[in-house]
Structures are given as C-alpha cells and as structure tokens.
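Engineer: My structure is below; once you've seen it, I'll send some questions.
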Amino acid sequence: MTTDAAPPSAWAVLRDALRDSYLVILTFVVMFIGVGQMSARAGLDAVQTALMTILTVAAPAQAAATQILANGTDGAAWITAITAVVVINLRFIVMVASVMARLPRLSVPRTVVTLGFLSASSFAVIFPRLIGEHPPRRPALYVGLTCLCCATSATLGAVIGQSMSGGLAPLWGALLGAVVPTYFATLIAGQWKDKVLMLNALAGAILVPVAAPWLGASALLLVPLVFAVVTTLGARRKANA
C-alpha cells in the first residue's frame, strides 16, 4: 500500500513561484519606474502611486489613467481615469476565467485573494505551468504567491520612479521603453511549442496597433477576444473533422 507524498510547504511553493517569475519580478521593477514617473507628473504622491499600482497591476491601464490625471485631478478626471482602467482591464476576465478553470473550487474570498493581483505577465508565467506536464501540487497557493510577487515588484518600481520625480535622463527613459517589447517577446518566445499561442501573440502584436486608431483602448480587449474566438472555433472544427 502506497500513500501520496505530503504536499509541499508554503515556503517550497514560494520558491517555485520565485523561480518561475523572477524574469517578471526583475523587469517589473525597471518597467514600472517609467509608470512612477508618469504618476509623479500627474501629481500623485508615493502612497497614491503605490495604491494605484497594486490595485491596477497593469502598466497600460495605469499609463492611461495618469495621462488623464495629468490634465486635471478634479472629480470628473478621476471618474474618467477609473473608467479607462476598467475598460482596459476587462481583458483580465478571460485570463481569470482560464486560470480558475484549472484550480480547485475556491470560496469567493479565496478567489479574490488568489487572483486579485493577476497581471498579463503573471498570467504568462502561471498558465503554462498549470497546463504543463508538471503542474504545481498546491495550484491555488502557487497562483496567489506568483501574482503577489509580481505585483509587489511592480509597486516597488512605481514608487521608485515616483520618488525620482522626473530625474531620469532621456537615454535611461529610452532604455525603459525598450525593455517592454523585449520583455514580452521573451515571455512569448518561451512558449514557442504552443503554435496556437504563438499565432495569437503574433496576431495581437500586429492587429491591436492597427485597430487602436478606431477602437481606442478597447482594442486591447476586442481584438484578442475576436481572434481567440476564431482560433478556438478553428481548433474545434479540426478536432471534429
């Protein structure tokens, strides 16, 4: 008679989360320095910058919000900024649903704690691990810790950028801008064996900028959703053929 091995400790799960997400953690510190700079120009202090970052965990949404607030911080500006964040972050509905489908059933509070800090980058780390050959034995804890580590590094970078308050040299600012596409290309390239994922990534890189002049920030949500539906229907038709 054999028994299952004891589940890994929380510390062991944290080590796995850090090992898998170290690239995101390090890059977020650098990337969100630029976000913190935009926050400073919008008149937000360090506490406001930290709260916006930890609650948003999305550089595009935070950049849109700070650009709006840079033109005014009255009630109407805040409503517009919050609306922009919500619209851009609607894309997380698909990501959250994809991860939840591969986790044990959780209560609503545990779901919020586990997935509340999910970002596009942490999703890129988590999802391949959940569907891979060696998924984590404590998946909910793994997901929650990975999201928290990534969100914490983003917040740290944003606060550092805010405290520098425009002190970045133009060359450093250009380097920060170059980090973002290089970083996402590296994350995507790591999944080169998944042809559908690579196809969707390539389509998003091409079609979102093309559609943005007509759809605005909604292009970040609508284009990936439409293309995902097309590829999913194509895969189902092929499987049923």
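Engineer: Starting from 0.36 nm per residue, how many nanometres of slack lie between Arg19 and Ile82 once their C-alpha separation is accounted for? Each step should come with its number before you reach the end.
Structural biologist: Details: separation 63, 0.36 × 63 = 22.68 nm, distance 3.38 nm.
Extra length from Arg19 to Ile82 when fully extended: 19.3 nm.
Engineer: Convex hull over the Cα atoms of region 1-73, averaged projected area in nm²?
Structural biologist: 6.7
Engineer: So, in nm, how far is label Arg41 from label Val108 when the simple model puts each one 7 Å beyond its Cα toward the Cβ?
Structural biologist: With each label point 7 Å from Cα toward Cβ, the separation is 4.1 nm.
Engineer: Using alpha carbon coordinates only, what is the Rg to Rh ratio of region 10-179, with Rh defined as the Kirkwood radius?
Structural biologist: Radius of gyration over Kirkwood radius for region 10-179 works out to 1.00.
Engineer: Per-residue counts of other Cβ atoms within 10 Å, averaged by peptide: what ranking do you get for 81-92, 98-109, highest first?
Structural biologist: 81-92, 98-109
Engineer: Report the Cα-based extents of region 84-157 along its three principal axes, largest first, to the nearest Å.
Structural biologist: Principal-axis extents of region 84-157 (Cα, largest first): 36, 24, 22 Å.
Engineer: Here's something else I'd like to know. Along its three principal axes, how long is region 192-241 when you only count alpha carbons? Whole Å, largest extent first please.
Structural biologist: 38, 21, 12
Engineer: At a temperature of 10 °C and a viscosity of 1.306 mPa s, determine how fast region 33-91 diffuses translationally according to Stokes-Einstein, using the Kirkwood radius over alpha-carbon pairs as Rh; express D in µm²/s, rounded to the nearest whole number. Numbers along the way, then the final one.
Structural biologist: Values: Rh = 11.0 Å.
Roughly 144 µm²/s, to the nearest whole number.
Laboratory data are not the source of any read-out in this text; all were calculated from the coordinates shown. This structure is a prediction, so every number in the text was calculated from the model and none was measured. A quick note on method: Cβ atoms are made from the backbone with ideal geometry, for glycine too, and the neighbour counts reach across all protein chains shown.
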